[in-house]
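Here is the structure we will look at, set down as structure tokens.
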Amino acid sequence: MTEAHARASAVDWIAVTAGALGALMATLDISITNSALPQIQGEIGATGTEGTWISTGYLMSEIVMIPLAAWLTRVFGLRNFLLGNAVLFTLFSVMCGLSTSLPMMVAGRIGQGFTGGAMIPTAQTIIRTRLPREQMPVGMTIFGLIVLLGPLLGPVLGGWLAENISWSWCFFVNVPVGIALVALLITGLPAEKSHWEAFLKADWIGIAGLAIGLSSLTVVLEEGQRNQWFESGEIVMLTCVTAFGFLLIALSQFVAKKPIVRLSLLRNPRYASVILIVFAVGAGLYCVSFLLPQFLSIVAGYNALQSGAIMLVSGVPAFLIMPVLPRLLGKVDFRVLVITGLLFFAASCLLDISLTAQSVGHDFFWSQILRGFGQMLAMMPLNQASMAAVSREESGDAAGLYNMARNLGGSVGLAILGTVIDRRDNFHTAAIRESLTANSVIGQERMAASAANFAAQGGDIAHAKMQALGQLSMQIGQQAIVMTYSETFYVLAIALLACLPLALLLKTPRAQAGEMPSAGH
């Protein structure tokens, strides 16, 4: 029976479910601590700046592990590798939940990121190797849903657990999931022998470059804006370390028989276009996930749970479109789907450029709905196009590069976003203050009315004038941040629209229908 007419067995679907559950656990834990961060910081005695390492530690180790996953799968065998990661991820989660100090928490989060990072690309590999081509759209839809919904559900689940039970349960919740994952992996994946010769003959130059370059780059991107970028000696040093790491990765392409990061895959224009688009869409996903809760918190005064509920609106289209999306992926040209998705995503950003200080959650409803459809229509074909553009033997390396590009896009996007917000906010604050001179009749009338109102409440005219000045300063800051966020959504829309020409390079898998089916399923 050819691959085109084969059907996946029950065991194949158990394997796919195991990969999907592992990816869900990993993507959920990227953001599950965001809502609970104040409680965690207070419990372990960390300052606000130190507390960012609870998230940075996870992201840093995850982004290093993702491209290593294909090589480690070859060394240990897929089942052994995933079982080890599932057990270690669960143990590191328990360590985080029991943490009493910042070093213990960060060590646990680094361990979580490293083991969790392995579960994301391997989920794609399982789908690519266990499902026949006609059923692959279903598998890729499941994977794409997880990648999109995991970061959305994380803050909501984390906020609810922190408010109603304890912040520790943001981590302990992984224990029953980890047990279920181990059971599914044992059932769904065949036992394989380890290949230690692949470990001994590994591309150690590339591995060293990857570990040094990506971890340093993550810290530079996360901490750069807080430390005024290259005014900081630490950022300059880490940038040099990043450059050295990337130099080692480039060197490994020429001296290693099997480079740990197969940059040669990017010579394929179909695959390279997927990577560039997913880099930009990844930046859009992470940036919107940061911008919207920040706006709702700072301007609208929402708490974490309220913000999370608004964020979840973008997940509604995922469930609406899921029944028909696999069929669309099988029949509609990928270029049409991705271009439509990018247009929807960009349009959703443009809907949010007219924000005001009175904007609240329901004002984002339609932009979130449109964004949800855009993300689904763009990301789902990209998931499958990344696998269709390479051979089955290259799927592990391709999945690693694909997921690394999405996460790197998020890190780069957030770094640029932080710089834009900081500088534009300062610009708008200064511009508004310059326009409010002491000779402004409207300004004088507004100040006099505010002072009179405060005086009526407290009776002290001098104190009332100080309160009026404070209120004016707060309103200036609020208007400046609203203008800044509006501009940022506009920049995101432009970046997404710039990817439209790249989508023309995509091809659907049926373009390969004339090829001989891959051997070995």
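Check region 305-319 and report whether any residue there is over 20 Å from Leu37 (Cα atoms), surrounded by fewer than 21 Cβ atoms within 10 Å (Cβ to Cβ) and free of Cβ contacts under 8 Å to residues at least 12 places away in the same chain. The answer is yes; a qualifying residue exists. Of all the residues in region 82-102, those that are crowded, with 22+ Cβ neighbours inside 10 Å and of a type outside the set (S, T, N, Q) number 5.
Regarding region 269-279, can at least one residue be identified that is crowded, with 23+ Cβ neighbours inside 10 Å and in contact with a Pro (Cβ under 7 Å, 6 or more places away or on another chain)? No, there is no match, as no residue in region 269-279 is crowded, with 23+ Cβ neighbours inside 10 Å and in contact with a Pro (Cβ under 7 Å, 6 or more places away or on another chain). Quick check, is Leu417 under 30 Å from Ala480 (Cβ atoms), in contact (Cβ under 8 Å) with a residue 60 or more places away in the chain and part of a helix (DSSP H, G or I)? Yes, satisfied. Does Ser307 fit the bill of being in a helix (DSSP H, G or I) and modelled with pLDDT of 80 or more? For Ser307, the condition - in a helix (DSSP H, G or I) and modelled with pLDDT of 80 or more - is not met. Restricting the first residue to region 232-249 and requiring it to be assigned by TED's automatic domain parsing to the domain that holds Leu214 and within 25 Å of Gly206 (Cβ to Cβ), which pairs with a second residue that is among the acidic types (Asp, Glu) and modelled with pLDDT of 90 or more meet a Cβ separation below 7 Å and a spacing of at least six or different chains? Close Cβ pairs (under 7 Å, with a partner that is among the acidic types (Asp, Glu) and modelled with pLDDT of 90 or more) do not exist here. Restricted to region 132-236, the set of helices (runs of 4 or more DSSP H) holding at least 3 residues that are closer than 19 Å to Thr73 by Cα comprises 174-188, 196-200, 204-223. Picking from residues in region 58-86 that are among the small types (Gly, Ala, Ser) and either in a helix (DSSP H, G or I) or not assigned by TED's automatic domain parsing to the domain that holds Met119 (or both), the one that is modelled with the lowest pLDDT is Ala70. Quick check on region 87-108. Is at least one of its residues touching a residue at least 24 places away in the same chain (Cβ under 8 Å), outside the structural domain of Arg327 (by TED's automatic domain parsing), within 30 Å of Pro323 (Cα to Cα) and part of a helix (DSSP H, G or I)? No - not one qualifying residue is present in region 87-108. A search for C-beta distances below 9 Å between a residue of region 390-407 that is touching a residue at least 40 places away in the same chain (Cβ under 8 Å) and any residue that is acidic (Asp, Glu), counting only pairs 6+ apart in sequence or on different chains, returns Val390/Asp397; Asn407/Glu62. Checking each residue in region 320-359 for being surrounded by fewer than 23 Cβ atoms within 10 Å (Cβ to Cβ), under 20 Å from Ala283 (Cβ atoms) and free of Cβ contacts under 8 Å to residues at least 60 places away in the same chain picks out Thr340, Phe344, Leu351. Do we have Phe319 as touching a helix residue (DSSP H, G or I) at 6+ places or on another chain (Cβ under 9 Å), closer than 18 Å to Leu504 by Cα and either aromatic (Phe, Trp, Tyr) or assigned to a loop (DSSP other than H, G, I, E, B) (or both) here? Here the answer is no, as Phe319 does not meet what is asked.
The values are calculated or read from the model by the stated rules, or taken from the named source; none is laboratory data. Please read all numbers here as calculations on a predicted model, not as lab measurements. All Cβ positions, glycine included, derive from the backbone under ideal geometry; neighbour counts span all protein chains shown.
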